[in-house]
1. With a probe of 1.4 Å, find how much accessible area the chain has per residue, and write the answer as a whole number in Å².
2. At a 1.4 Å probe radius, which order do THR108, THR53 fall into by accessible area, largest first?
3. In terms of the Cα gyration tensor, with a ≥ b ≥ c the square roots of its eigenvalues, is the stretch 169-231 rounded because a/c is under 1.5, prolate because a/b exceeds b/c, or oblate?
4. Using only Cα atoms, find the angle between the long axis of helix 104-115 and the longest principal axis of the chain, and express it within 0 to 90 degrees, rounded to the nearest 10.
5. Could you look at the stretch 77-231 and say what percent of its accessible area is carbon and sulfur, using a 1.4 Å probe and all protein chains?
6. Net charge within 15 Å of PRO173 by Cβ-Cβ distance, Lys/Arg positive one each and Asp/Glu negative one each, not counting PRO173 itself?
7. Taking the chain as the reference, fit the longest principal axis to its C-alpha atoms, fit the long axis of helix 12-30 to the helix C-alpha atoms, and give the angle between the two in degrees, 0 to 90, nearest 10.
8. So what is the 222 nm mean residue ellipticity for the chain from helices alone, if each DSSP H run of at least 4 adds -39500 (n - 2.57) and you divide by all residues, rounding to the nearest 500 deg cm²/dmol?
Amino acid sequence: MKTIGLIGGMSWESTAIYYRLINEGVRERLGGLHSAKLLLYSFDFDEIASLQTAGDWAGAGVLLAEAARRLEGAGAEALVLGTNTMHKLAAEVEGAVSIPLIHIADATAEAMTARGVTHPILLATRFTMEQEFYTGRLRDRHGITAAVPDPAGRDVVHRIIYEELVRGIVTAPSKQDYLAEVARLRQAGEADGLIMGCTEITMLIGQDDFDFPVFDTTALHARAAVDFMLG
């Protein structure tokens, strides 16, 4: 079994889900008392969120690169960045180490391609929905064109993530807000799937809420990590 380095704490709520899913995946594949060989570097999310809000992505990149180097130095053979938004800095992480980064957008795209999904809805932080690092990668590398909410809808989705989900708060009204955004986007276009493009969204909605394919980026990323670990 290879050792994974997980860069987490963004937020710790979803990092805890990563830890559980990766360990469950190893146990399911190997049986017995097996669990994952995993190293974790967990950030103080307030520090990261402050840099995001300030637009100081260079400063955040320095922090992530240092975390990556520490994990490689401790014996990690690949890295998992446990957040969609911070994949904006994937190049900075990759440039800091000699081990591979398992990219969350690629893991998600592979699952969509296997299901024949090419026009998904993307719910995520405002950074992920509005900037090219995620939707551009899906489009340019995988031929997948993602639709996002309008500005008002993006505000709602983003607010619920930062004011509720990253704090472990899950409410029925917020779930209804997310369901309403998806319904509006389905009416406006020909969406054939849904990307839960923030690792905390899995706490709020899931496949049981919809009649078309839903792609849980946290679960798909964790599965890709297990695939790497076990070859």
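1. That works out to 44 Å² for each residue.
2. I get THR53, THR108, largest accessible area first.
3. In terms of gyration-tensor shape, oblate.
4. 60 degrees
5. Carbon-and-sulfur percentage of accessible area, whole number: 47.
6. Local net charge: -3.
7. Helix 12-30 sits at roughly 70 degrees to that axis.
8. -17000 deg cm²/dmol
The values are calculated or read from the model by the stated rules, or taken from the named source; none is laboratory data. This one's a predicted model, so the numbers in the text were calculated from it and none came from an experiment. With ideal geometry, Cβ positions are generated from the backbone for all residues, glycine too; neighbour counts draw on all protein chains shown. Accessible surface areas use protein heavy atoms only, side chains included; no ligands, DNA or RNA. Shrake-Rupley method; radii C 1.70, N 1.55, O 1.52, S 1.80 Å.
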